[in-house]
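Chemist: Would you mind keeping the following structure in view while I ask a few things?
Nothing in this text is a laboratory measurement; each read-out follows from the coordinates by a stated rule. Everything numeric in this text was worked out from a predicted model, so none of it was measured. Please note: Cβ atoms are built from the backbone with ideal geometry, for glycine as well, and neighbour counts cover all protein chains shown.
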């Protein structure tokens, strides 16, 4: 089994002293001893995993203690070995790192992440990277679960720790195992949601993506997206409606309301005078007639005869509706 | 009638499901399946009931819940205290007037 540690030692950068190399070899032997007989889901000996994580750690430029901790990271959680033995053999620094990783395996919540130090988190990221690279033997539900966690928690963590290349690889692998984020249903919904008020677009799109994740068949997803799209105008209308409970909904748009109030006032002001009403309309009509006359003189004459009376009727109607009867006469 | 939504059949169905267990939070897809209505019908109703009438409250699921199941966050709707009372009253009224209308069509 020493064949596994030789490539790892060969991979170490030049800065490692002989005693550090020796410690890494001892960590490998300790881990290989405790994981003896264990297999991964793929059927490979379990020890291949810690060695691969240690190699990734060496490539990422981590120090000797971190590489040893990478080799030992599953002995507490996965074998009969306890933290005391690791401490007696490798000292406090390495034991603390290994214990920190075991703790993260036990508890996945945010509090555990916040409590862990950056070196433990970096090791966790590298551990996940190798697990993601070798995800294939797991069943579909497990793969999707791990991929979702990777996208939501581990990849952002890698970015924060200054490991952007690893974050990119994690994201790329995770997306490959998840049902189409960028599928047709998602794109259609993203496009359709453009008619929603911008403050709500994001949260509703998130809501629908959450629903799409549960729908397993492509057909069901398409059906759902089509249904949502059909109701998009109604939803846009419902969301644009002025709020009756402004205190409960800090997202409301005070601006939308004042605009809606101001529009009739502006219209009233224009319609009150013949000059303000007819100048823009005459300009528009003139342009229409000139454009039409270029291709057909006859059509231009027809427009000149029919459109002004229609406009006049329209303006009279609006004035009557707004109670401006008599204005401009 | 200004503080009660129009009691269309889909609106009644949504409220019936919500009132069948008033404290239970439900997500949009679940309501579509339970009421057998299109999402295009259900989401605008939910948006109205939430924003315009304040009968529903909308919450995003916490990461611990959806990460454990390996999917993205759901948004849940739950009846507000006031909403539960008003919705029950409005639903009863609507059901009564529907019953009266049925009676009329039968007798005429």
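Chemist: Please average, across the residues of A:148-156, the number of beta carbons from any other chain that are within 10 Å of each residue's own beta carbon, and give a whole number. Show your work: numbers first, answer last.
Modeler: Numbers: counts 7, 4, 0, 2, 6, 2, 0, 0, 0.
Per residue, the average neighbour count from other chains is 2.
Chemist: Defining a contact as two alpha carbons under 8 Å apart and six or more residues distant in sequence, what relative contact order in percent does chain A show? Please list the in-between numbers first.
Modeler: On the way: 260 pairs, mean separation 29.4, N = 329.
This gives 9 percent for chain A.
Chemist: Taking 8 Å as the Cα distance limit and 6 or more residues as the minimum spacing, I'd like the relative contact order of segment A:1-134 as a percentage.
Modeler: 22
Chemist: What does the helix-only formula give at 222 nm for chain B: each DSSP H stretch with n ≥ 4 adding -39500 (n - 2.57), the total divided by the residues, and the result rounded to the nearest 500 deg cm²/dmol? Numbers along the way, then the final one.
Modeler: Values: 5 runs with 63 residues, N = 108.
After summing the helix terms and dividing by the residues of chain B, the value is -18500 deg cm²/dmol.
Chemist: Comparing A:106, A:11, A:276, which has the greatest mean-square fluctuation in the GNM of chain A with Cα pairs linked when under 10 Å apart?
Modeler: The residue that fluctuates most here is A:276.
Chemist: Can you sort A:208, A:287 by how many other beta carbons sit within 10 Å, fewest first? Mind dumping the intermediate values first?
Modeler: Details: A:208 24, A:287 10.
Going from least to most buried by this count: A:287, A:208.
Chemist: So which residue, out of A:281, A:39, A:62, gets the largest mean-square fluctuation from a GNM of chain A using Cα contacts under 10 Å as springs?
Modeler: A:281
Chemist: Evaluate E = 1/(1 + (r/R0)^6) for residue A:195 and residue A:17, where r is the Cβ-Cβ distance and R0 equals 60 Å; express this FRET efficiency to the nearest 0.05.
Modeler: Numbers: r = 65 Å, r/R0 = 1.09.
It comes to 0.35.
Chemist: Which of the peptides A:267-273, A:76-82, B:84-90 is most tightly packed, and how do the rest follow, going by the mean number of other Cβ atoms within 10 Å of each residue? Can you show the working numbers first?
Modeler: Working: A:267-273: 13.9, A:76-82: 15.9, B:84-90: 17.4.
With the highest mean Cβ count within 10 Å placed first, the list reads B:84-90, A:76-82, A:267-273.
Chemist: While we're on this one: Grab the Cα-Cα distance for residue A:226 and residue A:187, subtract it from 0.36 nm times how many residues apart they are, and report the gain in nm with one decimal.
Modeler: Values: separation 39, 0.36 × 39 = 14.04 nm, distance 1.16 nm.
Between residue A:226 and residue A:187, full extension yields an extra 12.9 nm.
Chemist: Can you give the relative contact order of chain B as a percent, counting alpha carbon pairs under 8 Å and 6+ residues apart? If you can, show how the numbers build up before the last one.
Modeler: Details: 105 pairs, mean separation 32.8, N = 108.
Here the relative contact order equals 30 percent.
Chemist: Expected output is a single nm value to one decimal: the length gained when fully extending between residue A:115 and residue A:305, i.e. 0.36 nm times separation in residues minus the C-alpha distance. What is it?
Modeler: Numbers: separation 190, 0.36 × 190 = 68.40 nm, distance 8.08 nm.
Value of the extension gain: 60.3 nm.
Chemist: Going by how many other Cβ atoms sit within 10 Å of their own, how do A:310, A:153 line up, fewest first? It would help to have the intermediate numbers written out before the result.
Modeler: Working: A:310 9, A:153 18.
Sorted ascending by nearby Cβ count, the order is A:310, A:153.
Chemist: In square nanometres and to one decimal, what's the mean projected area of the convex hull around the Cα atoms of segment A:1-134? Write out the running numbers ahead of the final one.
Modeler: Numbers: hull surface 31.1 nm².
If you wrap the Cα atoms of segment A:1-134 in a convex hull and average its projections, you get 7.8 nm².
Chemist: Between A:99, A:144, A:85, which gets the highest mean-square fluctuation from a Gaussian network model of chain A, Cα cutoff 10 Å?
Modeler: Sorting by GNM fluctuation, first place goes to A:85.
Chemist: Of A:146, A:159, how do they rank once you tally other Cβ atoms within 10 Å and put the fewest first? The partial results should precede the final answer.
Modeler: Working: A:146 20, A:159 16.
Fewest to most other Cβ atoms nearby, the residues stand as A:159, A:146.
Chemist: Stretched out fully, how many nm does the piece from residue B:8 to residue B:24 gain, at 0.36 nm a residue minus the Cα gap? Before the final figure, lay out the partial values.
Modeler: Numbers: separation 16, 0.36 × 16 = 5.76 nm, distance 2.29 nm.
Stretched fully, the residue B:8-residue B:24 segment lengthens by 3.5 nm.
Chemist: Please give the calculated 222 nm ellipticity per residue for chain A, where each DSSP H segment of at least 4 residues contributes -39500 (n - 2.57) and the sum is spread over every residue; nearest 500 deg cm²/dmol?
Modeler: Numbers: 18 runs with 238 residues, N = 329.
Counting only the DSSP helices, I get -23000 deg cm²/dmol.
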